[in-house]
Amino acid sequence: LARYRVAMIGSGAWACAAVRMMAQNTKVDDPADEFVDEIRMWVYEEDYQGRKLTEVINETHENPKYFPGFHLGDNVVAVPSIEEAADGADLIVLCAPHQFIHGICKQLMGKVKPGAAAISLTKGMRVRPEGPQLISQMVRRYLNIDCAVLMGANIATDIGREQLSEAVIGYDNLDHAERFKKLFQRPYFRISLLPDPVGAEMCGTLKNIVALGAGMVDGLGLGPNSKATIIRQGLVEMRRFSRALYPSVREDTFLECCGVGDLVATCYGGRNRLVAEAWTRAQMDGSPRTFEELESELLKGQKLQGVLTSNEVQEILRPAIHPAPCPLRVPSSPILQKRHWEQDYPLFTTINRIIN
Ligand code: NAD
Ligand code: 13P
């Protein structure tokens with residue numbers, strides 16, 4: 001029986017929590033097992049305490065820099081070459097900070113197995129002069145393979161601790177989605193299939209902006225009423241913006257774990273919230289710090305997505321650089337065809353003005 005070979009492209013906190021779950025599933029000793037035990041994980045090579053990070057991971061089966069304290073599984077093999085990691089893989093899981101995915105796709109162009117299926121765990125989007133591009137769209141375009149998304153309230157360390165969590169797989173191809181569900185689902189990690197991949201990915205992308213607002217609320221010492229205000233208005237603008245860009249996005253998607261679920265988790269426990277709180281406190285104390293400084297100090301190599309995403313989304317909202325008719329490739333989008341888009345998104349716009 002042919003078995004599916006799995007590759008993980010990425011090795012940060014969420015990539016490690018996800019590869020750990022997959023490694024638990026691929027390792028089962030069952031004749032009906034559909035997956036090759038070994039998972040190759042591409043690691044962006046760097047020095048860790050004088051040694052190569054890949055060597056340390058392969059020796060200890062742990063990623064001490066990005067996900068310390070968790071055994072990844074002795075069937076996870078760290079490789080520094082992205083081509084080698086993806087070579088021959090039937091199922092390609094992408095999980096790197098969104099600013100690196102374009103470079104990753106370019107490196108993988110023409111190198112993936114024809115007929116392979118991909119899934120993106122990355123939250124973020126790319127904005128080019130000709131319009132926005134979701135990560136799954138970029139993967140499809142560059143690698144010429146189907147790409148689903150996995151999104152949810154999924155704080156990596158909580159999943160490493162095997163605490164109850166849920167996610168959706170947003171899909172176009174149901175066979176691929178069912179295969180990925182078998183690959184990821186664990187007793188503590190419940191997966192539902194959602195035929196709205198764009199809606200799920202937009203939710204995962206936009207909640208990172210709202211999380212900055214939640215961190216500001218904490219930095220100002222305000223209480224739950226204020227945070228609830230940010231979360232509610234954030235959800236309104238996430239829905240409005242997603243449906244303006246992609247009118248087929250479903251209303252119900254915002255009530256799923258990829259929508260309100262992820263928004264609440266990130267606004268209480270995420271890294272965007274943490275760094276925005278510290279940034280706000282520094283402003284209030286009269287000793288301002290930059291987001292870059294705080295990112296490197298507090299996250300120790302992990303990456304903040306909200307600041308980049310806020311600037312990327314604002315490029316779309318800002319009328320000055322998009323004179324009507326809007327050059328974005330969203331032909332039937334009424335919101336983008338009128339001016340004053342910023343007025344329709346007061347929370348996104350205010351957060352962007354504050355951070356800049
Ligand atoms: P991370 O922020 O923990 O780590 C950063 C990663 O970027 C490291 O693996 C590092 O090696 C890599 N990197 C640094 N420079 C690079 C370069 N030039 N090219 C390529 N890679 C480089 O990573 P993460 O938490 O796995 O985040 C990946 C995605 O998952 C993000 O979109 C994030 O929003 C999303 N996500 C994260 C969590 C979480 O709890 N951490 C949960 C859900 C989703
Ligand atoms: P942060 O990047 O803010 O930690 O959010 C993690 C996340 O996406 C949880 O689902």
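Could you tell me which numbered condition G103 fails, if it satisfies all but one of (1) outside any helix (DSSP H, G or I); (2) free of Cβ contacts under 8 Å to residues at least 24 places away in the same chain?
(1)
Per-residue answers, yes or no, for (1) touching a Phe, Trp or Tyr at 6+ places or on another chain (Cβ under 7 Å); (2) away from ligand 2 (no atom under 14 Å from the Cβ); (3) at pLDDT 95 or above:
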{"site": "P129", "(1), (2), (3)": "no, yes, no"}
{"site": "S136", "(1), (2), (3)": "no, yes, yes"}
{"site": "V139", "(1), (2), (3)": "no, yes, yes"}
{"site": "Y142", "(1), (2), (3)": "no, yes, yes"}
{"site": "V149", "(1), (2), (3)": "no, no, yes"}
{"site": "G152", "(1), (2), (3)": "no, no, yes"}
{"site": "I159", "(1), (2), (3)": "yes, no, yes"}
{"site": "E162", "(1), (2), (3)": "yes, yes, yes"}
{"site": "S165", "(1), (2), (3)": "yes, no, yes"}
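Which condition number does G110 fail, the rest of (1) more than 22 Å from the chain's Cα centre (by Cα); (2) surrounded by 17 or more Cβ atoms within 10 Å (Cβ to Cβ); (3) within 25 Å of P132 (Cα to Cα) being met?
(2)
When you look at R243, is it within 14 Å of ligand 1 (Cβ to nearest atom), modelled with pLDDT of 95 or more and either in a helix (DSSP H, G or I) or surrounded by fewer than 20 Cβ atoms within 10 Å (Cβ to Cβ) (or both), yes or no?
No, not satisfied.
Here is a list of conditions, (1) touching a helix residue (DSSP H, G or I) at 6+ places or on another chain (Cβ under 8 Å); (2) within 16 Å of ligand 1 (Cβ to nearest atom); (3) part of a helix (DSSP H, G or I); (4) closer than 23 Å to D146 by Cβ, and T266 meets all of them except one; can you say which number that is?
Exception for T266: condition (4).
If a residue must be away from ligand 1 (no atom under 16 Å from the Cβ), touching a Gly at 6+ places or on another chain (Cβ under 9 Å) and within 30 Å of M284 (Cβ to Cβ), how many such residues does segment 174-223 contain?
Summing the residues that are away from ligand 1 (no atom under 16 Å from the Cβ), touching a Gly at 6+ places or on another chain (Cβ under 9 Å) and within 30 Å of M284 (Cβ to Cβ) in segment 174-223 gives 2.
Within segment 106-137, track down each residue that is assigned to a helix (DSSP H, G or I), within 9 Å of ligand 1 (Cβ to nearest atom) and either on the phi > 0 side of the Ramachandran plot or hydroxyl-bearing (S, T, Y) (or both).
Once the filter is applied, which keeps residues that are assigned to a helix (DSSP H, G or I), within 9 Å of ligand 1 (Cβ to nearest atom) and either on the phi > 0 side of the Ramachandran plot or hydroxyl-bearing (S, T, Y) (or both), segment 106-137 yields nothing.
Hey, could you check segment 90-100 for residues that are closer than 27 Å to T266 by Cα and assigned to a strand (DSSP E or B) and say which is farthest from ligand 1 (Cβ to nearest atom)?
That would be I92.
Determine whether segment 208-225 contains at least one residue that is in a helix (DSSP H, G or I), surrounded by fewer than 16 Cβ atoms within 10 Å (Cβ to Cβ), away from ligand 2 (no atom under 15 Å from the Cβ) and not hydroxyl-bearing (S, T, Y).
So far as segment 208-225 goes, yes, one or more of its residues are in a helix (DSSP H, G or I), surrounded by fewer than 16 Cβ atoms within 10 Å (Cβ to Cβ), away from ligand 2 (no atom under 15 Å from the Cβ) and not hydroxyl-bearing (S, T, Y).
Would you mind telling me which numbered condition in (1) closer than 29 Å to I316 by Cβ; (2) assigned to a loop (DSSP other than H, G, I, E, B); (3) more than 16 Å from the chain's Cα centre (by Cα) R140 fails?
Just one mismatch for R140, condition (2).
Any residue in segment 58-71 that is part of a loop (DSSP other than H, G, I, E, B) sitting within a Cβ distance under 7 Å of a residue that is among the hydroxyl-bearing types (S, T, Y)? List the pairs, counting only those 6 or more apart or interchain.
If the second residue must be among the hydroxyl-bearing types (S, T, Y), the pairs left are P64/Y48; K65/Y48; Y66/S11.
Regarding G306, is this residue within 10 Å of ligand 2 (Cβ to nearest atom) and not polar (S, T, N, Q)?
In short, yes.
Residue check, C267 against (1) closer than 24 Å to P64 by Cβ; (2) within 15 Å of ligand 2 (Cβ to nearest atom), all met but one. Which one?
(1)
I'm checking my understanding of the structure. Among residues of segment 13-50 that are surrounded by fewer than 21 Cβ atoms within 10 Å (Cβ to Cβ) and closer than 21 Å to L299 by Cα, which one is nearest to ligand 2 (Cβ to nearest atom)?
For segment 13-50, the residue satisfying everything is Y44.
Would you mind finding the one in L193, L183, L206, L174 that is touching a residue at least 12 places away in the same chain (Cβ under 8 Å), of a type in the set (A, V, I, L, M) and out of contact with any helix residue (DSSP H, G or I) (no Cβ under 6 Å at 6 or more places or on another chain)?
Matching residue, one of L193, L183, L206, L174: L174.
The values are calculated or read from the model by the stated rules, or taken from the named source; none is laboratory data. Just so it is clear, the structure is predicted and the values come from calculations on it, not from any experiment. In this analysis, Cβ positions are derived from the backbone assuming ideal geometry, glycine residues included, and neighbour counts consider all displayed protein chains.
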